[in-house]
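The values are calculated or read from the model by the stated rules, or taken from the named source; none is laboratory data. If you're wondering where the values come from, they're calculated on a predicted model, not measured in any experiment. Counting neighbours? That spans all protein chains shown, and the Cβs are built from the backbone with ideal geometry, glycine included. Surface accessibility is based on the protein's heavy atoms, side chains included, excluding ligands, DNA and RNA. Shrake-Rupley method; radii C 1.70, N 1.55, O 1.52, S 1.80 Å.
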Amino acid sequence: MTANALAVDIINYHITGYPALSNSEVQALYQSNYQMLRIGRNLNQIARHLNAGESGGIITDEIRQLCTIIDKHTKVVQEVMQASNMRFE
C-alpha cells in the first residue's frame, strides 16, 4: 500500500468510523458469514431433533445462546460490508 493510500484509508476511517476494507478482507467477511450461517443451520437441525424428543449432548438454552451470538456476528459483519460498499459508491 502506498503512503497516499494509507493516508486516505486513515482519513476515511476517522470520518466514517469504519475501516476501509480490501477485496481480500471483504471476501473473508463473506466467508465468515457463510460459515456462520451453515453453523446456524446445523443448530436448527439439532434443535429440531431435540424438539422431536431425541436425546442429545446439548441443551436448549445453549442452542439459544449460540443462535444469539451467530445473529449478532452476522449483523455486525453485514454492517461493516454495507458501510464499506457505501463509501466506494
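Quote to one decimal, in nm, the extra length available between Thr2 and Gln27 on full extension: 0.36 nm per residue of separation minus the C-alpha distance between them.
Working: separation 25, 0.36 × 25 = 9.00 nm, distance 2.18 nm.
Value of the extension gain: 6.8 nm.
From the coordinates of this entry, Rg/Rh (Cα atoms, Kirkwood Rh) is computed, and it appears in (i) 1.20; (ii) 0.94; (iii) 1.09 under the label (i).
Averaged over its residues, the chain has an accessible area of 77 Å² per residue, based on protein heavy atoms and a 1.4 Å probe.
The calculated FRET efficiency for Thr68 paired with Tyr18, based on their beta-carbon distance and R0 = 30 Å, is about 0.80.
Percent of accessible area on the chain owned by carbon and sulfur, 1.4 Å probe?
On the chain, the fraction of accessible area on carbon and sulfur atoms equals 56 percent.
Extension gain, His49 to Ala83: 0.36 nm times the residue separation minus the Cα-Cα distance gives 8.4 nm. With the cut-off at under 15 Å, measuring from each backbone N in region 7-23 to a point 7 Å along the Cα-to-Cβ line of Val76 picks out 18-19.
Projecting the Cα atoms of Gly17, Met81, Asn44 onto the dipole axis of the chain, where Lys and Arg carry +1 and Asp and Glu carry -1 at the beta carbon, places Asn44 farthest toward the positive end. Charged side chains reduced to their Cβ positions (Lys and Arg at +1, Asp and Glu at -1) give the chain a dipole of some 160 debye around its Cα centre. When shorter helices are ignored and each DSSP H run of at least 4 residues is given -39500 (n - 2.57), the per-residue value for the chain at 222 nm works out to -28000 deg cm²/dmol.
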